[in-house]
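Some notes on the structure that comes next.
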Amino acid sequence: MELHTPRLLLRPYREADLSAVHGFASDRRLTEYVEWGPNTLQDSRDFLAACRAEGQQDPRRAYTFAVTVPDGGEGPGSGPGSGPFGSVGLTLDNAGTGEVGYVIAADRWGCGYATEAASAVVHFGFAVLGLGCIRATCRPGNAASARVLEKTGMVLEARLPAHKLIRGKWEDSLLYAISPS
């Protein structure tokens, strides 16, 4: 399954994506506010294996997409064979709710790719999967991620104290949500 936006192709991960995935997932700048990483090479291998396995689940509980520029697209790293420079995913619960998450390589920050990818996954969750609500969290210090969530139409609902354990310290989260319009 693939999702297309004006500038992006969101596609399933491939084994050949290991080098590109490890390139962004091992970057400390990307993992400052999340509970995973920076990845070792084995962590990146395990991530790709988990992405391939989720497609075999029945019913499917998660959709993780490689964020790429379509062949012939414009921008850094575009063109035939360009690998992923980020990841966007949607995890489902049993109550018709999804949680979106994303990461974009630091050299692509500020280009609107996170907003474009997250918006596509939110649309997919409502239009294709029929979800009743989609949520996301970010750390209060991650103003860029909060802006991405707001640009997708999500609304800040709550501050969750001591919500995520990040490198040995319990961190608060901001909870954002959106319902279908």
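The values are calculated or read from the model by the stated rules, or taken from the named source; none is laboratory data. Keep in mind it's a predicted model, so treat the numbers as computed, not measured. Here Cβ is always computed from backbone atoms with ideal geometry, including for glycine, and neighbour counts include all displayed protein chains. Accessible surface areas use protein heavy atoms only, side chains included; no ligands, DNA or RNA. Shrake-Rupley method; radii C 1.70, N 1.55, O 1.52, S 1.80 Å.
Given a Förster distance of 45 angstrom, what is the FRET efficiency for Ala143 paired with Gln56, based on the Cβ-Cβ distance and rounded to 0.05? Taking R0 as 45 Å, the efficiency between Ala143 and Gln56 is 0.75.
Solvent-accessible surface of the chain, averaged per residue with a 1.4 angstrom probe and all protein chains in place: 52 square angstrom. Averaging the sequence gap over all C-alpha pairs within less than 8 Å and six or more residues apart, then dividing by the number of residues, gives the chain a relative contact order of 18 percent. Given a cut-off of 18 Å, what percent of all Cα-Cα pairs of the range 114-181 lie beyond it? Considering the range 114-181, 39 percent of its Cα-Cα pairs are separated by more than 18 Å. From its DSSP helices (H runs of at least four residues, each -39,500 (n - 2.57)), the chain gives a residue-normalised ellipticity at 222 nm of -8000 deg cm²/dmol. Binning all Cα-Cα separations of the chain at 5 Å, short to long from zero, yields these whole-percent fractions: 1, 8, 17, 21, 22, 18, 10, 3, 0, 0.
Solvent-accessible surface of protein heavy atoms, probed at 1.4 angstrom with all chains present, puts Arg159, Arg45 in the order Arg159, Arg45, largest first.
Within the accessible area of the chain, the carbon and sulfur atoms contribute 52%, probe 1.4 Å, all protein chains present.
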